[in-house]
Amino acid sequence: MSRIVAGPFNRVEGDLEIALDIQNGKVDSAEVNSTLYRGFEQIMLGKAPLDALVYTPRICGICSVTQSVAAARALADCMGIEMPRNGQLATNLILANENMTDLLTHFYLFFMPDFARDLYADKPWFAEISNRFKATSGSATAVMLPARAVFLHLMGLMAGKWPHTLTIQPDGSARAIDRAERIRVVTIISAFRKFLESELFGDNLDTINSLSSIDELNAWQASKSWDHSDFTRFLHISEELELHKLGKGPGNFLSYGAYPLTEGHLFAPGQLIKGKRTDVTISAVTEDHAHSWLTPLSAPVNPMQGETTPDLDNDNAYSWCKSPRLDNHVMETGAIARQMLNRNPLIEALVAANGANVHSRIVARLLELASVIPAMQTWAKAIDPSAPFRHETKLPDSARGIGLVEAARGSLGHWIEIKKGKISQYQIVAPTSWNFSPRDSFGIPGALEQALEGAPVRPGETEPVAVQHIVRSFDPCMACTVH
C-alpha cells in the first residue's frame, strides 16, 4: 500500500486536495480535503436579515445567483409569501442563465481539455480532440466564449450585473422588464440555442430531448461521424476510454426541484435512496463533524441547530467540509440526480446499466442544457410587462426559514433563524458539500470518496488522470463547499 496526495487541482473552482491510498495499481481508499476555511456562516450572525442577500452571493463568483435565490427563498419562507408570476419567471430565467452558463463552461473549459493531454497522444482521436479542446488554444474556445458572453447579456438585462446581483428579492424581482427588453431576452436565448444546435449537438434540441433509451442514443450517434459535433466527440472518447466504468457513485440521489412555478417544477424534487423514490424529507438532513476541523458534536444535527466553529484539535479531521447526510445516507446531487428524480428515461437507463459514473454525469449535464433552453424560451414569452414583478412585504422580527434551490452542481440549502430583527442562526449546505464530504461518524466515505475507489493509477502517476476525470465529472465548487 502506498499513498499519494493529489492537488491542488487545476480547472477547479477553489482549493482541493485528495489523499489516495494505492494498492495493486488502483485507488483503495480516498480522503477528500476541502482545504480553505472561510466562515460565511459566522459572518451572517447579528446582521439584518436582508443583508443575507448581499453577503451570501459573495460565497462564489460563478454561482452567486444560486446563493441569492436560496437566501431569498429562506427569507420568503420567514415571511410566508410567494412571488408573483412575473417574479417566478424572472427568477427562473436569471437562475437558468447562470446554471446553463456553468454547465457549458464545465464541459468546454474544465472537463474536455483533459483529453487533450499528451498522455493520450497515441490515440487515433487525439489530434482532432487536441485541436478542438486544448486549454486556451482549442478551436472550441473561440466559438464557445463569444456565445457564452452573448448569452450572459440576459443577466445584464434582467439582473443588472453578474455576479452578486441584488435583483432577486424574497418577494420577486426588483428589475421589471418592458416589452422591448422581453424581445431582446427572447432573441438572446434563441441565439444561444442556435449555438448549441450547431456546435455542441449538431442537431435540433427537440431531437436530443427525444432520445429516451441507450439504443436510441447509440443509433443517433451511429448516424453521425464521430467528429460531427462536440457531443459526438465526447461520446466517442467515452466509449473508447470506457468512462462508464469509472467513478461509480453511491447510488442515492437528491434534488430539491428546479425552476418552480405555481403549477410545479420543471425538474421535480425528490430523493431516491436504495431504489426507493419519495418526497424530500428536509427534516432528515443532518451535518456531521466527525472528520472535520470543526467543534465536535455529540451527534449529527439538522442545519437549523448546526454550528460552524473551527477546531483544529480533532485528531480524526482531514477536511474543512462537514458531512451532510440524508437520514444517515450518502447522497449524490447534481444534474444526474435532477434527471433521475425527474424520471428522464435515458438517464434512468444509463444509471440502471452502470450507475452514476463519469459518462452518465456528463450526458446528464448536456441533456439538461438541451431541455432547459427551450423552457427558457417559454418563460421569456410568458412574462407580462404590465403585471407586477414583486410584492412589498415586511420581515417579522422573529422567524425561521429554509431556502432550497438547485445549482448547476446540485442541491443548495440555506437555513435561517431571525430573533429580535437580527440573524441568530445561518447554515448553508452546498452541492459540493454533499458530493465532496469526508467520512461521517460511521466511517462511511462521501460520494466522491466512494466514486474514487477502484480508479486505475498508472505507474509513476502523482495526479492520476482517471482520478481527475472522476473529480471533474462532479464539477466541484470548493468555494461553496466551505463557504
Across (1) at pLDDT below 95; (2) buried (at least 23 other Cβ atoms within 10 Å of the Cβ), G39 clears everything bar (2)
Selected residue (only one of F133, F151, F126 is more than 20 Å from N86 (Cβ to Cβ) and in contact with a Pro (Cβ under 9 Å, 6 or more places away or on another chain)) | F133
Looking at segment 468-481, is at least one residue within 20 Å of V301 (Cα to Cα) and modelled with pLDDT of 95 or more?
-> no
How many residues of segment 19-36 are within 17 Å of P445 (Cα to Cα) and either under 24 Å from the mean Cα position of the chain (by Cα) or buried (at least 21 other Cβ atoms within 10 Å of the Cβ) (or both)? The answer is 8
When segment 350-378 is examined, which residues are found to be surrounded by fewer than 22 Cβ atoms within 10 Å (Cβ to Cβ) and of a type in the set (G, A, S)?
-> A352, A353, G355, S371, A375
Is it the case that L312 is out of contact with any Leu (no Cβ under 6 Å at 6 or more places or on another chain), modelled with pLDDT under 95, under 19 Å from P445 (Cα atoms) and in a loop (DSSP other than H, G, I, E, B)?
-> no
Those residues of segment 358-408 which are within 18 Å of S173 (Cβ to Cβ), of a type in the set (G, A, S) and in contact with a strand residue (DSSP E or B) (Cβ under 7 Å, 6 or more places away or on another chain) amount to A375, G403
Segment 208-222: number of residues that are without any contact (Cβ under 8 Å) to a residue 24 or more places away in the chain and under 25 Å from the mean Cα position of the chain (by Cα) | 1
Filtered residues of segment 262-276 (kept if surrounded by fewer than 20 Cβ atoms within 10 Å (Cβ to Cβ) and closer than 17 Å to G403 by Cβ) = H265
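Out of N92, N97, I need the residue that is touching a strand residue (DSSP E or B) at 6+ places or on another chain (Cβ under 7 Å) and in contact (Cβ under 8 Å) with a residue 60 or more places away in the chain. Which one?
Details: N97 fails: touching a strand residue (DSSP E or B) at 6+ places or on another chain (Cβ under 7 Å).
Of N92, N97, the one residue that is touching a strand residue (DSSP E or B) at 6+ places or on another chain (Cβ under 7 Å) and in contact (Cβ under 8 Å) with a residue 60 or more places away in the chain is N92.
Restricting to segment 440-465, give me the number of residues that are within 21 Å of the chain's Cα centre (by Cα) and over 25 Å from T66 (Cα atoms). Lay out the reasoning, then the answer.
First pass over segment 440-465, keeping only residues within 21 Å of the chain's Cα centre (by Cα): 445-452.
Now drop any that are not over 25 Å from T66 (Cα atoms), which leaves 445, 449-452.
Going through segment 440-465 one residue at a time, the tally reaches 5.
Is there a residue being modelled with pLDDT under 95, more than 30 Å from P388 (Cα to Cα) and of a type in the set (A, V, I, L, M) anywhere in segment 118-136?
Here is the first cut: in segment 118-136, the ones modelled with pLDDT under 95 are 118-119, 135-136.
Then drop every residue that is not more than 30 Å from P388 (Cα to Cα), which leaves 118-119, 135-136.
Filter once more, so that each one left must be of a type in the set (A, V, I, L, M): 119, 135.
Among the residues of segment 118-136, at least one is modelled with pLDDT under 95, more than 30 Å from P388 (Cα to Cα) and of a type in the set (A, V, I, L, M), which makes the answer yes.
Can you pull out the residues in segment 384-393 that are surrounded by fewer than 24 Cβ atoms within 10 Å (Cβ to Cβ) and in contact (Cβ under 8 Å) with a residue 40 or more places away in the chain?
Hits for segment 384-393 are D384, P385, A387, P388, R390, H391, E392, T393.
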When only residues in segment 117-158 that are of a type in the set (D, E) and assigned to a helix (DSSP H, G or I) count, which is surrounded by the fewest Cβ atoms within 10 Å (Cβ to Cβ)?
-> D118
Considering (1) more than 20 Å from the chain's Cα centre (by Cα); (2) over 14 Å from T165 (Cβ atoms), say which one F111 fails and leave the rest.
-> (1)
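Restricting attention to segment 167-194, report how many residues are part of a loop (DSSP other than H, G, I, E, B) and surrounded by 15 or more Cβ atoms within 10 Å (Cβ to Cβ). Outline the logic, then answer.
Filtering segment 167-194 down to residues part of a loop (DSSP other than H, G, I, E, B) leaves 167, 170-171, 174-178.
Then drop every residue that is not surrounded by 15 or more Cβ atoms within 10 Å (Cβ to Cβ), which leaves 167, 170-171, 174-177.
Total satisfying the criteria: 7.
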Listed residues R439, R400; which is among the charged types (D, E, K, R), within 17 Å of D28 (Cα to Cα) and in contact (Cβ under 8 Å) with a residue 24 or more places away in the chain?
-> R439
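The values are calculated or read from the model by the stated rules, or taken from the named source; none is laboratory data. What you are looking at is a predicted structure, and each value in this text was computed from that prediction instead of being measured. Please note: Cβ atoms are built from the backbone with ideal geometry, for glycine as well, and neighbour counts cover all protein chains shown.
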